[in-house]
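Below you'll find the structure, written out as structure tokens, and then a few comments.
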Amino acid sequence: MSEQPSNRSITIGAAQQGPVQGDASRADVIERLIVMLRQAAEAGCDLVVFTEVALVPFFPHWHITDVGALDAYFEQQMPGPQTQPLFDEAARLGVGFHLGFAELTTEDGEIRRYNSSILVSAEGRIIGKYRKIHLPGYDSYQPGQPFQNLEKLYFRVGDLGFPTWRAFGGVVGMMICNDRRWPESYRMLALRGAELIVMGYNTPVHNPANPSSDHLAGFHNHLSLAAGAYQNAAWVVAVAKAGIEEGVEQIGGTCIVAPTGQIVAQATTLEDELVVARCDLDLTQRLRQATLNFSAHRRIEHYELIARRTGFGTPDGEDED
Ligand code: CDT
């Protein structure tokens, strides 16, 4: 860690959210976010990171067959009438934010639904949008499970790639929840210069597909984030929707991870909680000029050679029978 903060130090608030129950209105949720936005402004934050699908309960946990009921969880405008107060308050306070939401849009004459996030400037202007690429779970109802994971049914795979933006004095990229488990997400962003990666997540403690790992859910969260941060020399801010939401217990563990892989700030509750850290963006550059100097040390030609030789997956020396 840097002992002397540089000119490119920014203060970031990771705004963990407790559960959003089914009877909560958008206005209720926005009010909770505004409370944390004000706390962040008090704490001197330049940027506040809200979670994935922050405005409603994490509805992919339920099988919803009525299209009207499904679409009620989506935003058709951003900002729209219900989210405008968040933008207005952020602009009034001069604090930027990241927000995850379910996006419904009409493109090429058809309705499309994405799991999306936006980065908003301190003036309340949308800087950029990301659409989740790694959608976990299933595209059909799974009988016999205590809750569903139907992201593949409700959302399309994101079609915007992994863009980065010059913002908040550095280069910023976004990913969303399950993206954090895949090294390619971080690497794509780092190759585009990302110094700061922000994301939200809704992660149940119980994974019906692999219950034997339930006790490791929190560990795997921090393992993925720390590895992604260190191996790409980037700051990583990851924000949970935590606690028991409509009967589904979700991990917390909201944290801010330095490019060294060290968790420098972490939530201690499963409720609305603002976690703050000062992040020196120049630390990324110092690491990228040393151990993690991509252009000096990565061996792309060898990765490609190996990939061609193995057909991207067949083990060398596999027994033939
Ligand atoms: N929202 C989301 O992407 N959740 C998934 C659950 C997968 S079950 C391990 C996640 O990766 O956290």
Under a Gaussian network model of the chain whose springs join Cα atoms within less than 10 Å, the largest fluctuation of Ile12, Ile306, Ile127 belongs to Ile306
Semi-axes (Å, rounded, descending) of the ellipsoid equivalent to the chain per its C-alpha gyration tensor are 29, 27, 19
Phi angles of region 60-77, converted by Karplus (6.51 cos²θ - 1.76 cosθ + 1.60, θ = phi - 60°) into ³J(HN,Hα) in whole Hz with x for Gly and Pro, give x, 6, 10, 8, 10, 9, 8, 4, x, 5, 5, 5, 5, 7, 9, 9, 9, 9
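For the chain, with only Lys/Arg (+1) and Asp/Glu (-1) charged at the beta-carbon, what is the dipole magnitude about the Cα centre, in debye rounded to 20?
Here the size comes out at about 1060 debye.
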So the carbon and sulfur contribution to the accessible area of region 40-133, 1.4 Å probe, in percent, is 46 percent
Low-density loop GluC sites (Glu not before Pro), region 6-73, at most 16 other Cβ within 10 Å, DSSP non-H/G/I/E/B, are none
The chain: antiparallel bridges as % of DSSP beta bridges, rounded to 5, reads 70 percent
Result for region 22-143: accessible area per residue, probe 1.4 angstrom, in square angstrom, of 41 Å²
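Once Rh for region 188-321 is found with the Kirkwood sum over Cα pairs, what is the Stokes-Einstein diffusion coefficient at 25 °C and 0.890 mPa s, in µm²/s?
Working: Rh = 17.2 Å.
My calculation gives 143 µm²/s for D.
The values are calculated or read from the model by the stated rules, or taken from the named source; none is laboratory data. Nothing here was measured: the structure is a model prediction, and the numbers come from that model. Neighbour counts run over all protein chains shown; Cβ positions are idealised from the backbone, glycine included. Just the protein is used for accessible areas: all its heavy atoms, side chains included, with ligands, DNA and RNA removed. Shrake-Rupley method; radii C 1.70, N 1.55, O 1.52, S 1.80 Å.
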